[in-house]
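Below is one structure, written out as structure tokens; the observations come after it.
The values are calculated or read from the model by the stated rules, or taken from the named source; none is laboratory data. None of the values given here were measured: they were computed from a predicted structure. Methodologically, a virtual Cβ is constructed for each residue, glycine included, from the backbone with ideal geometry; neighbour enumeration extends over all protein chains shown. Please note that ligands, DNA and RNA were not included when accessible areas were found on the heavy atoms of the full protein model with its side chains. Shrake-Rupley method; radii C 1.70, N 1.55, O 1.52, S 1.80 Å.
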Amino acid sequence: MKIALGQVNLTIGNIQSNFENIISLIEKAIEQNAKLIIFPEQCNTVKGAKDLLLIPQYLTQANKIIEQLVPYSDKITILLGAAIKNNSKLINAALLIQNGKIEKISSASQISEDEQTWFEAEKYNKTFKLDEYTFSVQVGESPNNENQTDFIIVLNSTPYIKDKDVKPLKNKQTIYINHTGLGNNLVYNGGSFVSDKNGFYLIKAPLLEETLSIFDTKDCQLINEISPCKEEKIFTTLSFAFKEFCRINKFNKAVIGLSGGIDSALSATIMCNAIGADNVLGITMPSKYSTESSWNDSYDLAKNLGMECKTISIKPLFDTFINDIQNQPYYDTAEENLQARLRGNILMSFSNRENRILVSTGNKSEASMGYCTLYGDTCGGINLICDLYKQEVYAVSKWINRNNEIIPINTIQKAPSAELRPDQKDQDSLPEYEVLDEILYRYLEMNEEIETIAKKFDKKLVCEIINKLNTMEFKRNQMTFSIKISKKALSDRNYPPINSFKYY
């Protein structure tokens, strides 16, 4: 028997287009003589719809459109994840569409804390048989061995998280189906698979791609899956996220400030990979503190990527501001922030006038410490690297240069600097990134206590970093929308921005 895995690209709110994609995959499966086609969870409303689920018209459209699939059920059995109404809340269910009828076959018995506003748990699981095989179905959960059937089918919507993969079950043949697409700040990366009883792959769908995979129960063999390295996964995931962001929000072009530094270099490379270098504009905005090296690095990067680069000096604007408004010299933090805000204004002008999405470039290490200027380098519509620690930024950049130099080697090797005052270095204000990143990772993502982290690092330094992280929450509440790819992004924190608690 042939079983089709419909790894569909789903967009929140675009109900009709989503079902056109689903129908296209169904028609292809019928052409290949599949008896069963399986789709991921919540295909009608899409995972992450949130308060859209409170709009009656949205649910009416989402549920009505399922009926469009019924005519196909005379030729193929369809298993589809859907959000369906149950009293005052929704059930995350699996629907079996067969011989002109729609039947609920399973529902999620566990609901995440994030979804409890809209969904309620329901323990319901009914097996079904097709040809000589029996199937049990799980919705929105990790695979388990509860039911004694030939196959367990898992309908899921699992976002990409670096260093975390869905593992096949052992002692049970598993069919795992995931969708692909951008849902809010999460990247759903596909990776649907069929595995044997020993946990080895028989079929593995590609990542970040809408595709139809056919599994033949009578003709299957193990595959030798070669998994991409962590740096490649991060780069391709963020590229896909930006491409989808621009598609959904109808941006054809983008703009970025090029400083000659590693963060803007990596961001620009992702942008060009996602939407094409012809659609990306880089602007370098030197001040009296900018080095010729940084200017050259920006232009070398643009040349290597094939993108346009302009130079607009901020010195005339800066001098005008001081002479006409402040009428006094600066030489302090206000002077540094003014430079960043002037650059932000220039970039936003190009964004508005040319309908380009502005990409901001702060990384997780510096955003954690508030090492950024509100309404300056935080300007933008999206940040692609805000969930990458500084060391990860370097690692991905080195991976990009694995075959030939794209990001200038000087950008990678030189000491990071905002160049807002003479001879400034990031490390003047921040601990070494090797130390900072590990402390932040262990505190944010591993939930380790201060005392545990202090067994490796100086306790005073650990407390200073964590206190700074918490003190800067008010800044992060005003920062650009960003893509989440870690276990816990800064946007996941629910820390009060106004508080006076301190670690000692």
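Normalised by the residues of the stretch 1-145, what does the relative contact order come to in percent, with Cα pairs under 8 Å and at least six apart?
Contact order relative to length: 19 percent.
Summing Cβ point charges (Lys, Arg +1; Asp, Glu -1) relative to the Cα centre of the chain gives a dipole of roughly 700 debye.
Taking every protein chain into account, the 1.4 Å probe leaves Y394 with about 40 Å² of accessible area, to the nearest ten. Averaged over its residues, the chain has an accessible area of 46 Å² per residue, based on protein heavy atoms and a 1.4 Å probe.
The length gained on full extension between L374 and Q68, counted as 0.36 nm times the residue separation minus their Cα-Cα distance, comes to 105.3 nm. R341 exposes around 80 Å² of accessible area when a 1.4 Å probe is run over every protein chain in place. Note on surface exposure: I382, I84 rank I84, I382 by accessible area, highest first, 1.4 Å probe.
So what's the net charge close to K502: Lys and Arg +1, Asp and Glu -1, counting the other residues with Cβ under 14 Å from its Cβ? Charge balance near K502 sits at +1.
For the stretch 227-241, the residues whose amide N sits under 15 Å from a probe point set 7 Å from the Cα of N14 along the beta carbon direction are 240-241. Computed over protein heavy atoms with a 1.4 angstrom probe, the accessible surface ordering of L358, L169, largest first, is L169, L358.
Taking the Cβ-Cβ separation of Y124 and W399 as r and a Förster radius of 35 Å, what is the calculated FRET efficiency to the nearest 0.05? All intermediate terms of the calculation are to be shown ahead of the outcome.
Working: r = 45 Å, r/R0 = 1.30.
So the FRET efficiency works out to roughly 0.15.
Residues whose amide H comes within less than 5 Å of that of V255, counting only those at least five positions distant or on another chain, are L281, I357, L358, V359 (H built at 1.01 Å from N in the peptide plane). Computed from backbone phi with θ = phi - 60° and the Karplus coefficients 6.51, -1.76 and 1.60, the 3J(HN,Hα) list for the stretch 7-23 is 7, 9, 8, 10, 10, 4, x, 9, 4, 5, 5, 4, 6, 5, 5, 4, 4 Hz; x is used for glycine and proline. Reported to the nearest whole Å, the Cα centre-to-centre distance from the stretch 53-109 to the stretch 114-134 is 12. The relative contact order of the stretch 80-185, computed from alpha carbon pairs under 8 Å that lie at least 6 residues apart in sequence, is 18 percent. Using a probe radius of 1.4 angstrom, the carbon and sulfur fraction of the accessible surface of the stretch 156-195 is 44%. Whole angstrom only: what separates the Cα centroid of the stretch 15-35 from the Cα centroid of the stretch 450-504? Cα centroid to Cα centroid, the span is 46 Å. Only helices enter this figure: runs of n ≥ 4 DSSP H residues, each worth -39500 (n - 2.57), summed and divided by the residues of the chain, yield -9500 deg cm²/dmol at 222 nm to the nearest 500.
Test of understanding: what is the full-extension gain from K288 to N184, defined as 0.36 nm times their sequence separation minus their Cα-Cα distance? Please list the in-between numbers first.
Working: separation 104, 0.36 × 104 = 37.44 nm, distance 3.98 nm.
Result for the pair: 33.5 nm of gain on full extension.
Solvent exposure of D458, expressed as accessible area, is near 100 Å², computed with a probe of 1.4 Å over the protein chains only. For the pair V435 and R247 in one chain, pulling the backbone fully straight at 0.36 nm per residue adds 63.8 nm over the alpha carbon distance.
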